[in-house]
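Below is one structure, written out as structure tokens; comments come after it.
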Amino acid sequence: MSDNNFGPILGHERNIDFFKKLLTLDRQGQDVTTSSYILSGPVGIGKKTVLFWFLQNLLCSEPSPEWQPCGQCSGCQQLQYGSWPDMHIVKREEGKKNISIEQVRDLIQKLGLSSFLNSYKVGIIYEADRLSLSAANALLKQLEEPNAQVLIFLITSSLHDLPLTIVSRSQHLHFQPVAVDLIYDYLVKERHLKRSQAKNIAQLAAGRPSLAWQLLDQPDYYQAQLIIAKNFALSFASDINWRLQTVNDLHLDSGQAGSDQALSILDTWQNVIRDILIYTYGENDLVQHQALAEELQQTAVRQPVSRLLQASRLVTQAKDYVRANVNAKVALEQAIINI
């Protein structure tokens with residue numbers, strides 16, 4: 001474990017060792033440029049945290065022997081405050097489904113300019129799986145003829161949605177879920193949480209450290225996630241009107257933002273179904289929503305496995321509908337009516 005200004009790093013030793021090798025080569029005067037690096041893994045797993053630890057070490061003029069950036073030099077300060085002129089970040093524009101070709105062309109143009117600091121130029125694309133087809137093709141041309149001293153990082157939670165032509169030209173680092181015990185120990189020892197609270201958050205984060213810090217630092221978000229999960233668990237024993245009201249109470253945004261919200265909610269529903277099935281088979285320590293033990297156990301006792309499996313299929317189908325641009329609220333309503 002180590003700490004940086006983007007949050008504590010837990011786990012991911014293999015990927016950290018890989019980046020340490022790159023840093024060693026850089027200190028020896030070798031160019032560590034490749035066509036691109038893909039960082040894949042679930043949202044909240046720590047991909048961005050590890051990447052920025054690497055970049056801060058790359059910029060730091062006085063890193064420790066253990067590769068801890070000093071945090072005080074101009075390079076560290078620029079990265080911390082987002083003022084490093086040679087770093088360019090691309091993300092989906094608000095309300096848009098995909099990253100556009102114009103955004104990628106702008107990135108390529110900026111990466112082709114001379115470095116302001118005589119260092120690496122860095123391009124980062126968040127949600128790279130959301131590149132439009134034309135944007136992906138434009139990026140591919142850049143990857144086929146990589147420039148020296150240019151680093152491109154593609155961040156994704158859905159590797160299979162990236163074009164194979166891009167994947168084949170990239171160095172791939174996959175981020176696995178971190179052991180729940182690591183997150184639990186950190187919350188108890190470093191954040192001084194009560195053991196029961198630490199267990200609830202660690203289990204709910206399901207191996208995703210960055211999500212654990214968000215749940216801890218944003219109590220309203222934590223409570224909102226529990227309410228969504230609790231209402232869905234209760235919906236198995238509730239009438240259709242009550243179920244529809246729970247969807248209406250979600251107050252989804254319009255457009256793409258609402259679709260993104262719906263997909264996150266459906267992920268929560270799927271995890272609740274998993275928890276109920278776990279209670280059915282007596283593996284209680286594996287339950288993600290520990291704070292809802294009573295509601296989940298009651299549902300597990302009352303509902304046949306066949307209904308739970310059917311509910312899981314309906315949730316998966318609803319995700320497909322949302323991704324196919326079906327109205328997000330309608331997709332949620334259809335799923336919860338038919339469970």
Residues that are over 30 Å from GLY95 (Cα atoms) and of a type outside the set (A, V, I, L, M, F, W, C), at least 1 per element: which helices (runs of 4 or more DSSP H) completely within segment 231-339 meet that?
240-248, 255-280, 293-302, 305-323
Do any residues in segment 237-259 that are in the same structural domain as LYS319 (by TED's automatic domain parsing) have Cβ atoms under 9 Å from those of residues that are loosely packed, with under 12 Cβ neighbours inside 10 Å and not in a loop (DSSP other than H, G, I, E, B), where the two are at least six apart or on different chains, and which pairs are they?
ALA237/ARG302
The correct count of residues that are within 15 Å of ILE45 (Cα to Cα) and free of Cβ contacts under 8 Å to residues at least 12 places away in the same chain in segment 182-223 is 0
Yes or no: segment 294-312 includes at least one residue that is within 20 Å of GLY207 (Cβ to Cβ), surrounded by fewer than 22 Cβ atoms within 10 Å (Cβ to Cβ) and in contact (Cβ under 8 Å) with a residue 60 or more places away in the chain.
no
Do you know which of the residues in segment 34-84 that are among the small types (Gly, Ala, Ser) and closer than 25 Å to THR156 by Cβ is surrounded by the most Cβ atoms within 10 Å (Cβ to Cβ)?
GLY46
Quick check on ALA148: is it under 24 Å from PRO85 (Cα atoms) and modelled with pLDDT of 95 or more?
no
Would you call LEU226 assigned to a loop (DSSP other than H, G, I, E, B), within 23 Å of the chain's Cα centre (by Cα) and at negative phi?
no
Please give the helices (runs of 4 or more DSSP H) falling wholly within segment 30-128 in which 1 or more residues are charged (D, E, K, R) and modelled with pLDDT under 95.
47-59, 101-111
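The values are calculated or read from the model by the stated rules, or taken from the named source; none is laboratory data. These figures come from a predicted structure and were not determined experimentally. Counting neighbours? That spans all protein chains shown, and the Cβs are built from the backbone with ideal geometry, glycine included.
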